[in-house]
Amino acid sequence: MSATEATFPLSPEAREIRGPSAFGGGLRRFLYLTWMIGLTEYRLTYFGSALGYLWSLMRPLMLFGVLYVVFSQVLKFGEDVRNYPVLLLLNIVLFSFFADAATRSVTAVVENEQIVRKMHFPRIVIPLSCVLTATFTMLVNLVAVFVFLVAYGVDPRWTWLLLPLILIPLILLTAGAAMILSSLYVRFRDVSPIWAVLSTALFYATPVLYPIDKVPEDFQRVALANPIADLLQQVRRWVVDPSTQGAFDVIGGLPWLLIPTGVFLGICILGFVVFERQAPQIAEQL
Amino acid sequence: MPAPHAAVDVRNLRKTFRVPRQHMMTLKERALHPFRRAEFDELRVLRGISFQVREGEFFGIVGRNGSGKSTLLKCLAGIYRADEGEIRIAGRLAPFIELGVGFNPDLTAHDNVVINGVMMGLSPAQARGRFDEVIAFAELEDFLDLKLKNYSSGMQVRLAFSLMVHSDAEMLLIDEVLAVGDASFQQKCLDVFYRLREEGRTIVLVTHDTGMIERFCHRVLLLEDGLVEMSGDAHEVGRRYLELNFERRAEVPGAQSEGGDAADVADVWIEDAEGKRVPAVAHGEPFSVCALLDVRERIDRPDVHFAFNTDEVLNVFGATSRAVAANDDEPFLPGERIVVRMTSENALGDGRYFVDCSLHGAERGMIAFRGRACEFVVFGGTTGSGLVSLPHTMRVEREMERVT
């Protein structure tokens with residue numbers, strides 16, 4: 001063989017390598033990976049602590065305990081809100097799902113630098129597996145919430161079965177936020193402190209501690225522009241207090257409801273687009 | 001052996017990295033200097049590379065540091081997106097370029113094998129099914145319940161290598177695998193390389209090690225400054241690679257010199273049989289070690305020593321001119337430039353050697369010394385181990401018939 005060599009016909013099964021992408025490597029592999037990594041992370045989070053899985057329950061319960069004492073016993077807030085303790089607990093579980101998943105995913109891509117830089121890996125698995133991990137925690141917590149609900153004396157209703165209609169949009173929204181945050185963090189490390197402040201602000205701006213009807217009437221629509229607020233109000237009607245109005249009625253009908261819907265879709269689509277665009281370059285920017 | 005089809009076809013591949021001169025990382029800097037465009041240095045890592053790898057070929061990529069070989073491998077693996085050019089590959093790739101990527105130190109071997117298997121494109125069930133084979137090959141049966149962080153680095157590499165071998169990939173891209181692991185496992189890896197080679201799996205190996213290239217590769221690509229310097233026969237390319245390596249390193253790091261008033265060791269070098277300076281000598285070939293001496297004072301009964309060292313062993317071999325050189329009694333005179341040449345057939349084993357040179361005189365002790373004055377590489381040694389590779393034959397004889 002010499003330096004000038006004959007070229008050979010390319011094997012017919014050859015395909016072009018276009019470089020990394022969000023989903024690279026096939027849909028099946030993407031699904032398996034998200035599932036395996038999300039599950040593993042969930043197992044690892046509480047592994048090795050004495051209370052194990054109980055911690056995933058304890059955290060929202062303790063937060064609930066503190067907030068309940070402060071708002072219900074000290075500030076005498078919520079006396080006129082029906083089933084306030086249950087509502088508070090449910091809201092905390094749902095909101096901490098969003099906050100935990102988003103916070104986890106901020107640094108996720110950078111923390112998995114090795115994988116991103118040394119392996120052909122569907123990048124979108126990284127934020128999505130964070131969301132999945134938080135979803136497992138939320139599902140375990142929801143079981144506790146419903147036990148508490150019955151123990152508190154709320155009668156089970158058929159509308160409880162509608163819960164997935166709340167959870168699915170919430171999970172999608174969270175995934176959108178996770179994708180935006182994790183891909184932005186690769187370029188701007190400021191995202192981490194900004195998000196720390198922003199998520200706290202969001203916690204108070206969203207009707208978690210208080211129901212929407214405690215908000216001055218003029219501001220209710222503003223508060224409900226946040227899609228999480230609408231989801232929490234709807235779950236309150238379906239699960240905790242059937243006598244309250246649904247999100248649809250509170251916000252004032254269809255045209256108004258388009259605002260949170262738009263925000264919701266905007267975050268989901270933007271998250272996907274940003275991540276998809278960023279994905280091919282992530283390995284180089286790390 | 002090469003099959004008539006090409007498994008990899010790369011055409012005119014280009015990749016440029018833009019390295020910001022001031023790293024505009026924070027939003028604050030963006031906000032303070034909204035109109036300042038970030039300045040970039042363009043780092044043209046791959047500047048138009050074309051080559052083919054044939055089906056079933058063991059293909060080597062060599063190049064000095066910064067020549068672009070790792071970037072090329074990352075483009076092949078789909079980790080970087082090429083700026084220009086086409087890469088087409090037939091067959092499933094193992095997605096790694098390094099062993100042990102994607103291991104989670106907090107998990108046991110079992111969980112890691114399953115997750116890594118999934119990363120390589122197996123289904124979780126398939127990955128679980130292969131667990132026993134993987135562990136058996138890695139010889140880790142006794143450590144199943146240990147978390148990976150408690151494994152030694154050698155054990156981790158064994159597990160990773162075993163996983164790679166047991167994946168379904170039709171084509172392997174490997175970046176410097178054998179840097180770790182103990183000798184016996186390295187041997188096992190080499191055996192696997194032989195086996196994969198015989199099986200006709202397509203393998204692309206990036207390495208620094210000319211020994212590996214000559215032992216395994218059917219063909220080799222040599223990269224230099226982002227261009228294909230040469231491709232083809234492993235032996236020729238390996239030789240060219242060594243030359244490139246040493247052209248740029250005239251000064252041997254760690255060289256120490258003690259000149260006296262009386263004389264200096266001005267230069268030390270290696271020559272091949274034709275008298276050409278070379279950086280490397282094939283085993284069994286005649287070669288010379290030469291020293292140039294600048295003499296300023298008369299030296300009676302001069303004696304020049306050469307000592308061959310490796311990084312580990314001092315004085316692998318020493319030679320002295322006194323009582324060996326025919327004209328050894330003539331004094332060196334002021335103003336003379338003297339060349340001392342030791343010629344031998346190369347019996348050294350594969351490896352890197354350093355030469356110390358010193359000049360001694362009657363009743364004066366050592367006059368001049370130059371440590372690590374020159375460095376050279378021996379390659380092409382036959383089987384066997386050790387610092388020397390003596391010409392030898394072997395026979396197996398039976399003294400008497402074994403009674404069964």
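Please treat every number below as a calculation from the coordinates, not as lab data. All values reported here derive from a predicted model rather than from experimental measurement. Glycine also receives a Cβ, built like all others from the backbone with ideal geometry; neighbour counts cover every protein chain displayed.
Semi-axes of the equivalent ellipsoid for segment A:66-146, please: Cα gyration tensor eigenvalues, times 5, square-rooted, ordered largest first, whole Å. If you can, show how the numbers build up before the last one.
Details: eigenvalues 281, 32, 11 Å².
Each semi-axis is the square root of five times an eigenvalue, giving 37, 13, 7 Å.
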Helix A:163-187 sits off the longest principal axis of the Cα atoms of chain A, rounded to the nearest 10 on a 0 to 90 degree scale, by 50
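What size of dipole, in debye to the nearest 20, comes out for segment A:27-285 about its Cα centre when the only charges are +1 on Lys and Arg C-beta atoms and -1 on Asp and Glu C-beta atoms? Numbers along the way, then the final one.
Values: 18 positive and 16 negative charges, 148 e Å.
Taking the Cα centre of segment A:27-285 as origin, the dipole is about 700 debye.
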Rounded to one decimal in nm, the spacing of the 7 Å Cα→Cβ label points at A:L31 and B:R44 is 4.6
For the pair B:L314 and B:R14, the simple spin-label estimate (label points 7 Å beyond Cα toward Cβ) gives in nm 5.5
Taking every residue of A:112-123, the Cβ atoms of other protein chains inside 10 Å of its Cβ average out to 6
Taking a crude spin-label model, label points 7 Å out from Cα along the C-beta direction, the B:L227 to A:L258 distance in nm is 6.1
Relative contact order in percent for segment B:6-246 (Cα pairs under 8 Å, 6+ apart) equals 28
Full extension between B:S344 and B:E133 adds, at 0.36 nm per residue less the Cα distance, a length in nm of 71.0 nm
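What does the charge dipole of the protein assembly as shown about its Cα centre add up to, to the nearest 20 debye, if the Cβ of each Lys and Arg holds +1 and the Cβ of each Asp and Glu holds -1?
2860
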The set of residues whose placed amide H lies less than 5 Å from the amide H of B:F103, leaving out same-chain residues fewer than 5 positions away, is none
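Quick check on segment B:6-246: take the gyration tensor over C-alpha atoms, sort the square-rooted eigenvalues as a ≥ b ≥ c, and tell me if it's rounded (a/c under 1.5), prolate or oblate. Each step should come with its number before you reach the end.
On the way: a/c = 1.94, a/b = 1.24, b/c = 1.57.
Oblate, since a/c reaches 1.5 and b/c is not below a/b.
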For peptide A:27-35, the mean count of other chain Cβ atoms within 10 Å per residue Cβ is 3
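Could you tally the net charge around A:E13, taking each other residue with its Cβ under 13 Å from the Cβ of A:E13, Lys/Arg +1 and Asp/Glu -1? The partial results should precede the final answer.
Numbers: positive: A:R15, B:R88, B:R92; negative: A:E16, B:D9, B:E55, B:E170.
Its environment carries a net charge of -1.
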Put in order of increasing Cβ neighbours within 10 Å, starting from the fewest, B:M171, B:M120, A:M58 give A:M58, B:M171, B:M120
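Do the sum for chain A: with -39,500 (n - 2.57) for every DSSP H run of n ≥ 4, divided by all residues, what is the mean residue ellipticity at 222 nm, to the nearest 500 deg cm²/dmol? Spell out each step's value before the answer.
On the way: 13 runs with 186 residues, N = 286.
Computed mean residue ellipticity for chain A: -21000 deg cm²/dmol.
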Proxy exposure order for A:T137, B:T320 (fewest C-beta within 10 Å first) is B:T320, A:T137
Of A:F77, A:F30, A:F64, the most mobile residue in a GNM of chain A (C-alpha springs, cutoff 10 Å) is A:F77
Most exposed to least, judged by fewest other Cβ atoms within 10 Å, B:E243, B:E236 sort to B:E243, B:E236
Mean Cβ-within-10 Å packing, highest first, puts peptides A:271-280, A:150-159, B:54-63 in the order B:54-63, A:271-280, A:150-159
If one compares the long axis through the Cα atoms of helix A:54-68 with the longest principal axis of the Cα atoms of chain A, the angle in degrees, nearest 10, works out at 40
Highest GNM mean-square fluctuation among A:L33, A:L181, A:L54, for chain A with Cα springs under 10 Å, belongs to A:L54
Per-residue average of other protein chain Cβ atoms inside 10 Å, peptide B:79-90 -> 5
Any residue on another chain or 5+ positions along whose placed amide H is under 5 Å from the amide H of B:E336 is listed here as B:V295
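Which pairs, out of A:K76/A:K214; B:K69/B:K276; B:K15/B:K69, put more than 22 Å between their alpha-carbon atoms?
The pairs that break the limit, which is 22 Å between Cα atoms, are B:K69/B:K276.
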